[in-house]
1. Check A:284, A:291 and return the single one that is surrounded by fewer than 15 Cβ atoms within 10 Å (Cβ to Cβ) and over 21 Å from the mean Cα position of the chain (by Cα).
2. What are the residues in the range A:348-362 that are away from chain B (no Cβ under 11 Å), surrounded by fewer than 22 Cβ atoms within 10 Å (Cβ to Cβ) and part of a helix (DSSP H, G or I), if any?
3. Going through A:295, A:265 one at a time, which residue ends up being assigned by TED's automatic domain parsing to the domain that holds residue A:355 and in contact (Cβ under 8 Å) with a residue 60 or more places away in the chain?
4. Out of curiosity, is residue A:301 assigned to a helix (DSSP H, G or I), within 14 Å of chain B (Cβ to nearest Cβ) and in contact (Cβ under 8 Å) with a residue 40 or more places away in the chain?
5. Go through the range B:166-205 and count every residue that is more than 12 Å from chain A (Cβ to nearest Cβ), assigned to a loop (DSSP other than H, G, I, E, B) and within 18 Å of the chain's Cα centre (by Cα).
6. Would you confirm whether or not the range B:224-236 contains a residue that is touching a residue at least 60 places away in the same chain (Cβ under 8 Å) and over 30 Å from residue B:157 (Cβ atoms)?
7. Given (1) surrounded by fewer than 19 Cβ atoms within 10 Å (Cβ to Cβ); (2) under 12 Å from the mean Cα position of the chain (by Cα), where does residue A:156 come up short, assuming only one miss?
8. If residue B:183 satisfies every condition in (1) surrounded by fewer than 19 Cβ atoms within 10 Å (Cβ to Cβ); (2) out of contact with any helix residue (DSSP H, G or I) (no Cβ under 7 Å at 6 or more places or on another chain) but one, which is the exception?
């Protein structure tokens, strides 16, 4: 049945139109900024404004709050297109959509009406604060506490490696509300305004890549939030974080696919131009082999990511496995493809004159954040083994 | 303000333009909005944002034009009018001006804004032809457009500065790039464009079915098209930009130019 096959493997007219719009905007206005963003290490407010004013930050939010109500695949298409030119810029959309997910998944109507319009318009950015210095992969061992006092919570503790907390107006933050509860029921989820007294950014990391994306250490010293800022019920935090990752990990996979594609594009063009031994190096079979393997790895990662988006959007009970599979494969593909892109460009690839060394530095993070590759493997294995019972 | 923008879909110049045996342009490849028309449209959108009103696109093109017109609608135009007829293939600029003028005669407008010329034909005279046929004031090389009560004031850019012109509405203004960079459509604009109306008219709808118009009545004919003759003793540098830059710098330095 040709129609079914077409819809399974090809993008719809709407998806293509939105993807192409993001692609055009990116190549005209973001790509020229990418090298400078990396060199300066400064958050690109101009790119953020561009994404906001062109409704790109509105993609993941329901239309009734001013969003576009795009499906997961369409959001991932946008992230991928931006990441092709600039991984830092793509992270603006990826983090914003990640951090808003708990609100969209488990927030009350009142909470959504209060916060989502400003998020959809891009007036306010939102960040995601789960990780702590001593609680990365082992997130549920966190120690930041939210102590109930009347109709408020008082939050004390610290967070580490929080992307964009220093430029966001809101943070979706996880804290322990019942230290005696079983491991996965200790935490709750809160929305914390970054201008709340006691909330401070104490440090920004100097990183290998995505250098324009500020990665913050946070200190929370008696930060008070009303009960109305808690998302979901007490103790639901960990489960909510896991449900969030089911929908956010494909976004990182898409970022990785975009980075890989960008690197492949540069390498393929270079191979057609660089002349050695009297001909373009693209005519040498060893180079052709490298490029072909890069293309295969990128397309495979892309196909898996798009499929995962479709499955998750359709409500598969296996969402965790799909999310982890695509993030695992795409992250490794990005690292491999960018490394090989530097190889194709040879000595020139190692210099800042060409973008591939930045792309290689940027790619590494896709194997680390939103769950390391090792954690992704555990999620996949758990799903496989559970099926056998 | 009711503004009509003349918009032509043209072949994407980043592709290879192909000519048929009769030296007609191959228009089967995906088209883009003529670049100068984007500046005209941007100017129109800015005017309606400041003064109220809306923008209509007017296009004479083959039947697949709506695909390209949607890109212009996504920038913010409200509706499109397409004049499409098999008889129009191979039209010269005179026919084009007559057709557009006939279409405009059926519309109500305060201002027509057009791009200076097209990247495919490059004639640059259709806007003047349209204005002449309709008896509209013709304000070319516009560096700024200011609507007043019943009139429009335009700075016409020239080599030594500009002239300030004022004309009664309705008038026709030819845009320049000085009017401002065209906006990229927002995603909401792209989605909104899908539901905006594009009306298609044939020559019969314009009352021109029996006129000497279109390809059969073309007043100009392309006799020949060839690339320029190759010049002797050229050196072509094909390396990538940083490497090529070094080679070029060395070349210039060896001739003591730098």
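The values are calculated or read from the model by the stated rules, or taken from the named source; none is laboratory data. Small disclaimer: the values here were computed from a predicted structure and weren't measured. FYI the Cβ positions are ideal-geometry reconstructions off the backbone, even for glycines, and counts take in every protein chain you see.
1. Values: A:291 fails: surrounded by fewer than 15 Cβ atoms within 10 Å (Cβ to Cβ).
Among A:284, A:291, only A:284 is surrounded by fewer than 15 Cβ atoms within 10 Å (Cβ to Cβ) and over 21 Å from the mean Cα position of the chain (by Cα).
2. Listed by number, the residues that qualify are A:357, A:361.
3. Details: A:295 fails: in contact (Cβ under 8 Å) with a residue 60 or more places away in the chain.
The match here is A:265.
4. It is false that residue A:301 is assigned to a helix (DSSP H, G or I), within 14 Å of chain B (Cβ to nearest Cβ) and in contact (Cβ under 8 Å) with a residue 40 or more places away in the chain.
5. Going through the range B:166-205 one residue at a time, the tally reaches 2.
6. The first filter runs over the range B:224-236 and keeps only residues touching a residue at least 60 places away in the same chain (Cβ under 8 Å), leaving B:224-225.
Those left that are additionally over 30 Å from residue B:157 (Cβ atoms): B:224-225.
Looking through the range B:224-236, at least one residue is touching a residue at least 60 places away in the same chain (Cβ under 8 Å) and over 30 Å from residue B:157 (Cβ atoms).
7. (2)
8. The failed condition is (2).
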